[in-house]
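A quick write-up on the structure given underneath.
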Amino acid sequence: MAENQEEKKIPGGCAVGCGAGEPVDFTDEYPTFRPEMKETHTILIPDMLPYHFEIIKYILAQEGYKIEVLHNDSRAVIDEGLKHVHNDTCFPALCVIGQYIDALKSGKYDVDRTAVLISQTGGGCRASNYLPLIRKALKAEFPQVPVLSVNFSGLEKGNGIPMTLPLLLKIAYGIFYGDNIMTLYNQTLPYETRAGSAEEARQACLDMVYRAYDQKKYKKYKDLTRRMLAIFKAVPRSGEEKVKVGVVGEIYVKYSPLGNSHLEDFLHAEGCETVIPGLMDFVLYCVVNTINDRKLYKRNSALQALVYRIVYRFLYGIQKQIIRLFQEDGTFEPLHDFEHLRRCADKVINQGVKMGEGWLIPAEMAALAETGTDNIVCAQPFGCLPNHIAGKGVVRTLKNMYRDENIVPVDYDPSATRVNQENRIKLMLATARENLQKKQREKARKED
Amino acid sequence: MSKLLGIDVGSTTVKVTVIDPDKDEILYKSYERHFARVKECVLSELKKVQELFGNGEYSACITGSAGLGLAQRSGISFVQEVQAAFVAIRKYYPDADAAVELGGEDAKIIFITGGTEQRMNGSCAGGTGAFIDQMATLLDISVNEMDELSLRAEKVYPIASRCGVFAKSDIQPLINQGCRKEDIAASIFQAVVDQTVSGLAQGRRIKGKVLFLGGPLYFLQGLRKAFKDTLQLDDAHAVFPENAPCFMSIGCALYASSAKAAPLAEIISRVENVKESDDVVTGDPLFADRREYDEFVARHNRSDLPFEDIKTYRGDSYLGIDSGSTTTKVILITPDCKILYSHYQSNNGQPLDIIVERMKEIYSLIGDRITIRGGAVTGYGEDLMKAALKVDFGIVETVAHFKAALHFNPDVDFIIDIGGQDIKCFKVKNHAIDSIMLNEACSSGCGSFIQTFAKAMGMDIDEFAKLGLFAKHPVELGSRCTVFMNSAVKQAQKEGASVEDISAGLSSSIVKNAIYKVIRAKTPEELGKNIVVQGGTFLNDAVLRSFEKEIGKNVIRPGIAGLMGAFGAALYAKENMAKRGGASTLATREELEQFSYASRSTNCRGCTSKCNINIITFGDGRKFISGNKCERGAGQKVPTNPLDIYAYKYERIQQCVTGKNAGMDRGKVGLPLQLVMYEQLPLWAGFFESCGFEVVLSEKSSRQLYFKGQHTVASDTACYPAKLMHGHIESLLDMGVDFIFYPCESYNLDEHDSMNHYNCPVVAYYPELLKANNERLGDDNFLMPYLDPNVRGSMVATLKKVLKKYKLSVKEIERGLDEGFRRLREYHADVVRRGEEIVFEARREGKQMIVLAGRPYHVDPEINHGIDKLLNSLGFAVLSEDCVFEKAHHVKVNVLNQWTYHARLYRAAEYVLDKPDVNLVQLVSFGCGIDAITTDEVRAILENHGKLYTQIKIDEINNLGVVKIRLRSMQAAIEEQNAERGGAVNG
């Protein structure tokens, strides 16, 4: 490589304007994922979205890919991450890379027939650089392992799973189903009267979704949603009122148990109901940002904006229908309506804040407050750049807007200890319980 | 009714309270340090309760950060400590408005009236009891002594309190300059107060009747005073409850009334039966058995230097002095490298006194038998010692350490030095230092940490370290900054790890931190074949063994590991006296007897920076000035037109405000000169002046300006330039501008050399954060339109809308933008032209050049702390990334290249590749997440082409000492490289 570069370079000093001409190539060689590797390679994906990735894995398996969702979770994962990633890189990158390297070292996989996958949004925060970081981390020990990209921004052309329209549709529906199952499960688990029954319902729903994909009936989302509602409704639940805690934040630490030290389990153990906004909101957020760029800056072409608007209308239409089904049934709280989220955002921050999770975080916090969940864990990686502004930066505004808003920003970091994190969350919970008691007393008084 | 039992297990102490609910009386309260033996301490306290009050029924509850695990595993109920405090406050001080509680590792504020709110410090915040302990250790006094001293203070210095590591960098120079300990002590307490008031209260005022709780606030009068003074509270409004240290445990006992009662014996046995959990990850023991240890000791004993008796030896000798930041080392050797005399001591006070004392001792020991042929000095105090004692040579630390290591292994290819405060590593190639790595502020898991911790455990460091040698299950404590390690230790203790295991775990953490974080080695093989380890910390066998185990090979640790700098200096003196010839200039016995000096600190009046400088006047009338950032401070003339583009840019950009507003008087617009404005000022100044506004710039950046806005900082881990912005906004508001203009820009100008042209998220959206957290800002006086400078049409429309009030016509806006972009182009062209001039001049004068590559806002002297001037004084001409990148080729890099400012860095790196007289130094702001990506890539580009890579991390702390060592080491390496090339300098 080095020799090649020397050849390309024009020797000697150069005068003004030699910026033109051929670019000097400093890139290292790396393997790409060639189409035929579909037959031979197992693709590893990180443990990020416990509810959704199982479904997406099923969809990709139908397309002929061998996918494995990683669940390795030992301290070795973090240690490998620490070794292979720069000190100041964000925690999610460290977890993902640690998980890959730990898995590749485990001997469970034939490293010559394994690839790893990562998503890229192409946004202005560091997250889209995870892919090159993974490549750099693998270079020393596993140079043969290709790193695939999943993105919709035209990055890494020819090195990923070709995203055809039918495949995209399948995944979009899968995300809706994952969101449904997640939200139903979260509203059932804390109240189940027989241990394990919520989990059984979750499994039953997943099986049903898999069957729908087998039978090519996955587009029948109304039917599937109704049946999911029925399955969870059948789980016997106690009627007591529990503290509701919303979880928002950077997308990885918000969802991934490895990233957030098993936050969901902790909250359940504390007797809370967790309210986790859906993944589809993030997808819609990305779509809307492209439309907003047109609106704010006239950046993208009118045609491009139009295409995104059509996509948005299509997805939002489904979301609205699903919400309607939840409301008709009346047993469970539906997920947020995205238009409502956007209106919530406008009260707190400009929708131009579009890096990382950007305006979506304040929007979710406000929407949670407006729908009866005042208690919020705002999970963010230590030193997360967009979260300085969209996370910690908006807490004051939100507290001024919503009297009982009870937010705790929690930093996740390889060395921040669980004690430290849990102690802060417990402080938030203590306030939450008191607020709940107050509300219950007030309610009782009114009823008298 | 059963008695109430409250147990508060904090990070350093256990507090137990017993309350009789029937009589509403506190029967018993205690406050004990637990020295990490949490379970034992709680048990012994409970047994005391048992002895005093018998075995009746108790309702028990546990609180505190270290009590969580104990509660979970014993099945005793738990209450969060702030909640516990709240319960007690309601009962005993129902009229309180707010409470401040400082604990060992936590700081909390509870607002009671006007909207109840409870706040706790984040995971990276200092300003706590542990911070105070750490600072007392640094001053080498007890906390109580520090308290007494503080009451006699006359002056308060600004000290960073966000984290102990930063504070140390502020305090060490104060100690070394000989500032009064009284003043330093008071400054430390003031730092704690500032941290609480600004970091925790974040703009919400602490007023009314305020309770002060927790151990430190109970025991430390100086701290109390600082709080009272800062919050302007009189005695009636500042309440320091009698039972403040036990306040949480009282609240906890009160809270226990809702818990189920049980016999005390049962509660005790529940605690007794708490088992160690499996949560703690453990590693292998350091030694399998005693025999392995003995072999290890014998192997290392072989690399000791022989001694020669100073009382009988006759002949020549050479002196080496290492005047470090925290310790002073002196060595005297014979020409065949036997040790005649050595000394190692902490700097308590002025290092100059220590060295003069030692030299007098040496002179008295050697009599006329031994002649000192020459001497050399290295370390932070090099210049001072050289001036004061006329030492023959002053050398850079890295060179000294290298010389010393060569003596022990001529084939050495890697040297690592872990001292009390810093870690230095160098790779050696072709018998010259090839690259240097030093620890940064946030990864300083250094020796002093073990020391502080040993002290906290009530042991001296040797004793504590030895415990670790035979630990069976060393705990994994992670590898990062000491503050984080502290809580990892606490966690391990909570899980029941033994002191032995923790000691061994700490040693291994320090090693891992050095290997993976400072050196950034991916595999141990990268280090090299012949490794020499040194520095005081490696005298600790547990650290040494951990290091060998981690890299899987044996290393050389000289017996004088702690004296290597001084030894290297002595060797240097020996070699170079032979070359130079003549007699040593070293102060003679007689001169030393006469030696005296006086030191005073003052502010330099050379320029507006007003640096704090220290002037030492020697008995013979010579003067020595330190603390200055440039020659002007040292009383020397500065060339009127220095070869320094940073100085040029800083002046030039401010000239973009002409003060002419086209004859109209539309109003006063404030532009904050920080972040993106350091490049776009020409654009906006041109725009507004052309549209008839008066443009007002914010005050110049300074530490004071930062403090001014500190209370509105929402996230204290953001970069310093961003945090400074808060002060700029305050200053503009104070100047009475009609409005502040500060746009949000997702996209920066497209310079067509990257996939995209984003701003970083902080630069892009910081106005949102400012507006949300500063009450004085509103829609009228703070305009932050979302703009894309690449799309003219939308810019015009947006500006028209946002400036509606001023009724600008489209034509006026168009003209304004024309003028703005014209000034921007002109500014940039001038910067490029000046860059060309500097290159031309430097080549004419045969000077080396440095591309000091950072961001536009790094030209701010408060942000770069005068590194450009320092480079100038070392003889380098200084260029910047933005004056050279266009002269380089476009590049393809491994990472996603999508930020305008950062894309310039890669091209700047390409620019220097083929120029032997130009090197690159990268400036990185602490907390800049994006530079985590750029630094590795820029380093790879340079190092793959045989260029040196030097990175300097900057933050609010101003400690040029470390930077100077790094830059001088780099200079030495450049000279070495050029000598190899036969001194060829061409373009």
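Got a number for residues in the stretch B:456-488 being out of contact with any helix residue (DSSP H, G or I) (no Cβ under 6 Å at 6 or more places or on another chain), at pLDDT 70 or above and either outside any loop (DSSP other than H, G, I, E, B) or aromatic (Phe, Trp, Tyr) (or both)?
Here the count works out to 5.
Could you tell me whether any residue of the stretch B:854-868 is under 19 Å from B:ILE974 (Cβ atoms) and surrounded by 23 or more Cβ atoms within 10 Å (Cβ to Cβ)?
As a first pass, look at the stretch B:854-868 and keep what is under 19 Å from B:ILE974 (Cβ atoms): B:867-868.
Next, only the ones that are surrounded by 23 or more Cβ atoms within 10 Å (Cβ to Cβ) stay: B:867-868.
Yes; the residues of the stretch B:854-868 include at least one that is under 19 Å from B:ILE974 (Cβ atoms) and surrounded by 23 or more Cβ atoms within 10 Å (Cβ to Cβ).
Which of the residues belonging to the stretch B:497-514 are buried (at least 24 other Cβ atoms within 10 Å of the Cβ) and within 12 Å of another protein chain (Cβ to nearest Cβ)?
B:SER508, B:SER509, B:ASN513
Take B:ILE729 and tell me if it is within 30 Å of the chain's Cα centre (by Cα) and at pLDDT 95 or above.
When the stated conditions are applied, B:ILE729 passes them.
Filter the stretch B:374-388 for residues that are closer than 12 Å to B:ALA587 by Cα and surrounded by fewer than 23 Cβ atoms within 10 Å (Cβ to Cβ) and give the result.
Hits for the stretch B:374-388 are B:LYS386, B:ALA387, B:ALA388.
Based on what the data block shows, is B:LEU46 at the interface with chain A (Cβ under 10 Å from one of its Cβ atoms) and surrounded by fewer than 24 Cβ atoms within 10 Å (Cβ to Cβ)? Quick ask: steps written out before the conclusion?
Details: at the interface with chain A (Cβ under 10 Å from one of its Cβ atoms): no; surrounded by fewer than 24 Cβ atoms within 10 Å (Cβ to Cβ): yes.
No; evaluated as a whole, the condition is false for this residue.
Would you mind telling me which numbered condition in (1) closer than 19 Å to A:GLY154 by Cα; (2) in contact (Cβ under 8 Å) with a residue 40 or more places away in the chain A:GLY278 fails?
(1)
For the stretch A:135-156: of the residues being within 16 Å of A:THR121 (Cα to Cα) and away from chain B (no Cβ under 12 Å), which is surrounded by the fewest Cβ atoms within 10 Å (Cβ to Cβ)?
In the first step, residues of the stretch A:135-156 are kept if they are within 16 Å of A:THR121 (Cα to Cα); the result is A:147-156.
Still in the running and away from chain B (no Cβ under 12 Å): A:148, A:150, A:152.
Details: A:LEU148: 22, A:VAL150: 18, A:PHE152: 16.
Only one residue fits best here, namely A:PHE152.
Output the residues belonging to the stretch B:765-808 that are β-branched (Val, Ile, Thr) and buried (at least 20 other Cβ atoms within 10 Å of the Cβ).
Applying the first criterion (β-branched (Val, Ile, Thr)) to the stretch B:765-808 yields B:791, B:796, B:798, B:802.
Answer for the stretch B:765-808, where residues must be β-branched (Val, Ile, Thr) and buried (at least 20 other Cβ atoms within 10 Å of the Cβ): just B:THR798.
What single numbered condition from (1) more than 7 Å from chain B (Cβ to nearest Cβ); (2) buried (at least 23 other Cβ atoms within 10 Å of the Cβ); (3) more than 17 Å from the chain's Cα centre (by Cα); (4) closer than 26 Å to B:LYS723 by Cβ fails to hold for A:VAL348?
(2)
Considering each of B:LEU824, B:LEU732 in turn, give the residue that is more than 24 Å from A:TRP359 (Cβ to Cβ), in contact with a strand residue (DSSP E or B) (Cβ under 7 Å, 6 or more places away or on another chain) and part of a helix (DSSP H, G or I).
B:LEU732
For every residue, the table says whether it meets (1) within 14 Å of another protein chain (Cβ to nearest Cβ); (2) touching a residue at least 40 places away in the same chain (Cβ under 8 Å); (3) of a type in the set (Val, Ile, Thr); (4) closer than 12 Å to A:LEU296 by Cα.
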{"site": "B:GLY793", "(1), (2), (3), (4)": "yes, no, no, yes"}
{"site": "B:VAL796", "(1), (2), (3), (4)": "yes, no, yes, yes"}
{"site": "B:VAL810", "(1), (2), (3), (4)": "no, no, yes, no"}
{"site": "B:ILE813", "(1), (2), (3), (4)": "no, yes, yes, no"}
{"site": "B:GLY820", "(1), (2), (3), (4)": "no, yes, no, no"}
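For the stretch B:192-208, what are the residues that are over 25 Å from B:GLY64 (Cα atoms) and either buried (at least 19 other Cβ atoms within 10 Å of the Cβ) or touching a strand residue (DSSP E or B) at 6+ places or on another chain (Cβ under 8 Å) (or both)?
Within the stretch B:192-208, the first condition is being over 25 Å from B:GLY64 (Cα atoms), and the residues that meet it are B:203-205, B:207-208.
Within the stretch B:192-208, B:ARG204, B:LYS207, B:GLY208 meet the criteria.
Just to be sure, is A:LYS170 more than 30 Å from A:ASP88 (Cα to Cα), in a loop (DSSP other than H, G, I, E, B) and either more than 14 Å from every other protein chain (Cβ to nearest Cβ) or of a type in the set (Phe, Trp, Tyr) (or both)? Quick ask: steps written out before the conclusion?
Working: more than 30 Å from A:ASP88 (Cα to Cα): yes; in a loop (DSSP other than H, G, I, E, B): no; either more than 14 Å from every other protein chain (Cβ to nearest Cβ) or of a type in the set (Phe, Trp, Tyr) (or both): yes.
Here the answer is no, as A:LYS170 does not meet what is asked.
Search the stretch A:57-83 for residues being part of a loop (DSSP other than H, G, I, E, B) and not acidic (Asp, Glu), and hand back the single one that is nearest to the other protein chains (Cβ to nearest Cβ).
My answer is A:SER74.
Grab the helices (runs of 4 or more DSSP H) fully contained in the stretch B:531-596, keeping just those with 1 or more residues being under 27 Å from B:ASP336 (Cα atoms) and touching a helix residue (DSSP H, G or I) at 6+ places or on another chain (Cβ under 8 Å).
Output list reads B:564-580, B:589-594.
Given the options B:LEU948, B:LEU913, name the one that is of a type in the set (A, V, I, L, M), surrounded by 20 or more Cβ atoms within 10 Å (Cβ to Cβ), touching a residue at least 40 places away in the same chain (Cβ under 8 Å) and farther than 23 Å from A:HIS388 by Cβ. Steps first, please.
Details: B:LEU913 fails: touching a residue at least 40 places away in the same chain (Cβ under 8 Å).
It is B:LEU948.
Just give me the residues in the stretch B:51-72 being buried (at least 19 other Cβ atoms within 10 Å of the Cβ) and outside any loop (DSSP other than H, G, I, E, B), in sequence order. Give the derivation first.
Going residue by residue through the stretch B:51-72, those that are buried (at least 19 other Cβ atoms within 10 Å of the Cβ) are B:58-71.
The answer is B:TYR58, B:SER59, B:ALA60, B:CYS61, B:ILE62, B:THR63, B:LEU68, B:GLY69, B:LEU70, B:ALA71.
Does any residue of the stretch A:210-229 turn out to be of a type in the set (A, V, I, L, M, F, W, C) and farther than 24 Å from A:TYR316 by Cβ? Talk me through it step by step, then tell me what you get.
First, the residues of the stretch A:210-229 that are of a type in the set (A, V, I, L, M, F, W, C): A:212, A:224, A:228-229.
Then drop every residue that is not farther than 24 Å from A:TYR316 by Cβ, which leaves none.
There is no residue in the stretch A:210-229 that is of a type in the set (A, V, I, L, M, F, W, C) and farther than 24 Å from A:TYR316 by Cβ.
Would you confirm whether or not the stretch B:735-749 contains a residue that is more than 7 Å from chain A (Cβ to nearest Cβ), among the hydroxyl-bearing types (Ser, Thr, Tyr) and surrounded by 23 or more Cβ atoms within 10 Å (Cβ to Cβ)? Lay out the reasoning, then the answer.
We begin by selecting, within the stretch B:735-749, every residue more than 7 Å from chain A (Cβ to nearest Cβ); these are B:735-743, B:745, B:747-749.
If we keep only those that are among the hydroxyl-bearing types (Ser, Thr, Tyr) as well, we get B:742, B:747.
Restricting the remaining residues to those that are surrounded by 23 or more Cβ atoms within 10 Å (Cβ to Cβ) gives B:742.
Yes: one or more hits.
Quick check on this structure: which one of A:ASN406, A:ASN420 is more than 8 Å from every other protein chain (Cβ to nearest Cβ), in contact with a Ser or Thr (Cβ under 7 Å, 6 or more places away or on another chain) and farther than 15 Å from A:GLY358 by Cβ? Don't jump to the end; show me each part of the working.
On the way: A:ASN420 fails: more than 8 Å from every other protein chain (Cβ to nearest Cβ).
Criteria check complete, one pass: A:ASN406.
Scan the stretch A:248-285 residue by residue and report those that are within 14 Å of chain B (Cβ to nearest Cβ) and either among the small types (Gly, Ala, Ser) or within 18 Å of A:ALA345 (Cβ to Cβ) (or both).
A:GLY249, A:GLU250, A:SER261, A:ALA269, A:GLY271
Quick one: would you say B:TYR765 is within 14 Å of another protein chain (Cβ to nearest Cβ) and in a helix (DSSP H, G or I)? Give the derivation first.
On the way: within 14 Å of another protein chain (Cβ to nearest Cβ): yes; in a helix (DSSP H, G or I): yes.
Yes; evaluated as a whole, the condition is true for this residue.
Being buried (at least 20 other Cβ atoms within 10 Å of the Cβ) and of a type in the set (Gly, Ala, Ser): is that true of B:GLY927 here? Steps first, answer last, please.
Values: buried (at least 20 other Cβ atoms within 10 Å of the Cβ): yes; of a type in the set (Gly, Ala, Ser): yes.
So B:GLY927 passes the test.
Among the candidates B:GLN118, B:GLN134, B:GLN80, single out the residue that is modelled with pLDDT under 90, more than 13 Å from chain A (Cβ to nearest Cβ) and in contact with a Ser or Thr (Cβ under 8 Å, 6 or more places away or on another chain). Spell out how you get there, then give the answer.
On the way: B:GLN118 fails: more than 13 Å from chain A (Cβ to nearest Cβ); B:GLN80 fails: more than 13 Å from chain A (Cβ to nearest Cβ).
Within the list B:GLN118, B:GLN134, B:GLN80, the selection yields B:GLN134.
Determine which member of the set A:GLN319, A:GLN327 is under 20 Å from the mean Cα position of the chain (by Cα), over 29 Å from A:ARG126 (Cα atoms) and at pLDDT 95 or above.
Details: A:GLN327 fails: under 20 Å from the mean Cα position of the chain (by Cα).
One residue alone meets the criteria, A:GLN319.
Got a number for residues in the stretch B:869-886 being farther than 13 Å from B:TYR648 by Cβ and either modelled with pLDDT of 95 or more or crowded, with 22+ Cβ neighbours inside 10 Å (or both)?
As a first pass, look at the stretch B:869-886 and keep what is farther than 13 Å from B:TYR648 by Cβ: B:870-871, B:873-876, B:881, B:884-886.
With either modelled with pLDDT of 95 or more or crowded, with 22+ Cβ neighbours inside 10 Å (or both) added as a condition, the list becomes B:871, B:876, B:881, B:884-885.
Counting residues in the stretch B:869-886 that are farther than 13 Å from B:TYR648 by Cβ and either modelled with pLDDT of 95 or more or crowded, with 22+ Cβ neighbours inside 10 Å (or both) gives 5.
The values are calculated or read from the model by the stated rules, or taken from the named source; none is laboratory data. What you see is a predicted model; the values in this text were computed from it and never measured. Backbone-built Cβ (ideal geometry, glycine too); neighbour counts: all protein chains shown.
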